[in-house]
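Participant: Below is the structure I would like to discuss, written out as structure tokens.
The values are calculated or read from the model by the stated rules, or taken from the named source; none is laboratory data. This structure is a prediction, so every number in the text was calculated from the model and none was measured. Cβ placement follows ideal geometry from the backbone for every residue including glycine, while neighbour counts extend to all protein chains displayed. These area figures cover heavy atoms from the full protein model, side chains too; ligands, DNA and RNA do not enter into them. Shrake-Rupley method; radii C 1.70, N 1.55, O 1.52, S 1.80 Å.
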Amino acid sequence: MMKDLFDRFYENKGPVGKWAEHAEGYFVFPKLEGPISNRMYFMGKEVITWSVNDYLGLANHPEVRKVDAEAAAEFGSAYPMGARMMSGHTDLHEQLECELAKFVNKDSAYLLNFGYQGILSTIDTLVGKDDVIVYDVDAHACIVDGVRLHLGKRFTYQHNDVESLEKNLQRAQKVAEQTGGGILVISEGVFGMRGEQGKLKEIATLKSKYNFRFLVDDAHGFGTLGKNGAGAGVEQGVQDDIDVYFATFAKSMASTGAFIAADKEIIDYLRYNMRSQMFAKSLQMQLVKGALKRLDMLRNQPEFKAKLWENVHALQNGLKKNGFDIGNTQSCVTPVYLKGSIPEAMALVKDLRENHGIFCSIVVYPVIPKGLILLRLIPTASHTLEDVQETLEAFASIREKLENGTYQRISNALSALVK
């Protein structure tokens with residue numbers, strides 16, 4: 001008997017959705033209010049915010065806001081109308097692309113409207129049905145969704161495991177020889193959940209042995225790693241070996257949009273074949289002018305990046321000194337791993353927010369294995385060393401309560417309500 005398409009939505013809300021009645025508005029879909037900064041307001045209370053990807057503290061910088069406001073006054077939010085290919089192309093779009101390409105040491109660049117859509121569409125355009133994709137198993141959802149569009153073969157390799165990558169390259173090579181296609185390897189510059197840098201240098205060395213092209217999503221590395229923030233490829237000395245470089249404006253640039261950079265021939269092909277950009281409205285002028293200002297600040301004001309890393313070192317060294325497990329992060333992303341159930345995690349986070357004034361993201365199953373709680377902190381240049389000290393003291397308190405069963409007793413009552 002045929003079922004109604006929507007039956008499953010009523011029967012099974014999913015591993016996270018089943019908690020919606022108790023979690024929505026607080027643990028998921030929370031509302032942070034006030035100017036974007038190190039301290040904002042959550043449910044009327046001031047909290048230290050560790051969940052805003054404003055790495056360089058540019059979101060509320062007066063110079064940035066001035067340029068954004070002037071551009072909005074000059075152009076409004078509509079200009080230019082139409083897709084770039086038809087009627088939405090301007091000198092400022094070209095200028096931003098040229099400056100971005102030069103900044104990340106590539107021949108050419110192409111602006112994209114959004115990061116998620118951008119990397120997904122880039123993957124879709126780079127490969128055909130005869131080609132093979134090999135990508136890190138811990139790749140971000142936008143990469144996974146891009147790979148899912150691929151009509152050909154795809155293989156995953158174990159996270160940052162070069163031996164596993166090589167085994168899958170051998171498998172990919174056999175397939176490509178049969179189909180007459182090519183191979184695309186995908187890694188992230190920085191893995192946003194764990195904070196580990198992708199093993200770009202080790203991957204690049206395999207290019208002399210296997211005939212593949214290399215795509216890097218550097219959303220978290222752009223602006224935070226490498227000289228002046230030019231990214232993880234520059235940091236590891238292999239930018240020239242990255243065939244297609246991607247970064248978003250949503251983090252260090254504190255804006256909306258993204259870009260890809262590569263050899264001119266590759267960018268020209270993408271410009272004329274990437275459907276998500278060919279048939280989408282051009283990036284608004286206020287965002288383009290704002291991005292030009294932000295990029296100028298990245299290049300010429302290294303004090304933002306220096307302050308960011310002062311806070312990163314203070315937070316991460318303090319957590320390690322106090323015995324917390326922060327994994328193998330090699331970036332600003334600061335994960336703190338604790339053992340506990342989802343209900344315990346909810347009790348823990350409520351304590352952090354209500355009693356300690358600390359707001360950070362919580363990650364649980366199915367994103368990470370059952371029995372683990374990941375508290376993900378994003379230091380920025382806006383934070384202070386006082387923020388760091390308060391946070392370290394709060395984390396010591398919640399760990400004690402987690403270990404002595406306080407949160408377990410609270411969670412038992414919550415679990416009974418959900419059953």
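Participant: Between Lys129 and Lys350, 0.36 nm times their residue separation minus their Cα-Cα distance comes to what? Please list the in-between numbers first.
Facilitator: On the way: separation 221, 0.36 × 221 = 79.56 nm, distance 4.83 nm.
Contour length minus Cα-Cα distance gives 74.7 nm.
Participant: Need one number: nm distance between label points at Lys45 and Lys66, each 7 Å from Cα along Cα→Cβ, rounded to one decimal.
Facilitator: Result for the modelled spin labels: 3.8 nm.
Participant: Shifting gears a bit: Can you check how the C-alpha radius of gyration of the stretch 1-94 compares to 2.2 N^0.38 Å, as a plain ratio? Walk me through the numbers on the way to the answer.
Facilitator: On the way: Rg = 21.4 Å, N = 94, 2.2 N^0.38 = 12.4 Å.
For the stretch 1-94, the normalised Cα radius of gyration comes out at 1.73.
Participant: Output the antiparallel fraction of DSSP beta bridges having both residues in the chain, as a percent to the nearest 5. Mind showing how you got there, number by number?
Facilitator: On the way: 27 of 46 bridges.
Restricted to the chain, the bridges split so that about 60 percent are antiparallel.
Participant: Cross-link partners among lysines for Lys350, C-alpha distance below 16 Å, same-chain residues fewer than 8 apart left out?
Facilitator: Qualifying lysines at Cα under 16 Å: Lys31, Lys45, Lys401.
Participant: Give me the 1.4 Å probe accessible area per residue for the chain, excluding ligands and nucleic acids, in Å². Don't skip to the end; give the middle numbers.
Facilitator: On the way: 19780 Å² over 419 residues.
Using a 1.4 Å probe on heavy atoms only, each residue of the chain averages 47 Å².
Participant: I'd like the accessible area for Lys251, computed on protein heavy atoms only with a 1.4 Å probe and all protein chains in place. Round to 10 Å², please.
Facilitator: Roll a 1.4 Å probe over it and Lys251 shows about 30 Å².
Participant: Still on this model: So what's the stretch 257-316 giving for Rg/Rh, alpha carbon basis, Kirkwood Rh from the mean inverse pair distance?
Facilitator: On the way: Rg = 16.8 Å, Rh = 14.6 Å.
Looking at the stretch 257-316, the ratio lands at 1.15.
Participant: Continuing with the same structure: Just want to confirm a number: the relative contact order over the stretch 9-128, from Cα pairs under 8 angstrom separated by 6+ residues, in percent. Numbers along the way, then the final one.
Facilitator: Values: 60 pairs, mean separation 10.2, N = 120.
It comes to 9 percent, rounded to a whole number.
Participant: Hey, what did the chain get for relative contact order, percent, Cα under 8 Å, at least 6 apart? Don't jump to the answer; show the numbers that get you there.
Facilitator: Details: 760 pairs, mean separation 86.7, N = 419.
Computed over the chain, the figure is 21 percent.
Participant: Can you give the extra length, in nm with one decimal, that the chain gains between Lys339 and Val162 once fully stretched, where that is 0.36 nm per residue apart less the Cα-Cα distance? Numbers along the way, then the final one.
Facilitator: Working: separation 177, 0.36 × 177 = 63.72 nm, distance 2.88 nm.
Extra length from Lys339 to Val162 when fully extended: 60.8 nm.
Participant: Could you check the spin-label model distance between Lys209 and Met81? Points 7 Å from the Cα along Cα→Cβ, value in nm.
Facilitator: About 5.7 nm, to one decimal.
Participant: P(r) tail for the chain, what percent of Cα pairs lie past 30 Å?
Facilitator: Every Cα pair in the chain considered, those over 30 Å come to 48 percent.
Participant: What is the percent carbon and sulfur in the accessible area of the chain, measuring with a 1.4 Å probe over the protein chains and ignoring ligands? Working shown, then result.
Facilitator: Values: 10140 of 19780 Å².
On the chain, the fraction of accessible area on carbon and sulfur atoms equals 51 percent.
Participant: Continuing with this model, one more query. Evaluate the distance, in nm, between pseudo-label points positioned 7 Å from the Cα of Glu400 and of Glu265 along their respective Cα→Cβ axes.
Facilitator: It works out to 6.5 nm between the two label points.
Participant: OK, next. Considering all projection directions equally, how large on average is the shadow of the alpha-carbon convex hull of the stretch 128-283, in square nanometres? Show your work: numbers first, answer last.
Facilitator: Numbers: hull surface 36.9 nm².
Result: a mean projected hull area of 9.2 nm².
Participant: Ignoring ligands, DNA and RNA, how do Thr329, Thr256 rank by accessible area with a 1.4 Å probe, largest first?
Facilitator: On the way: Thr329 25, Thr256 55 Å².
Heavy-atom accessible area, descending, gives Thr256, Thr329.
Participant: Put Met1, Met86 in order of accessible area, largest first, 1.4 Å probe: what do you get? Don't skip to the answer; put the middle values down first.
Facilitator: Details: Met1 225, Met86 155 Å².
The ranking, largest first, comes out as Met1, Met86.
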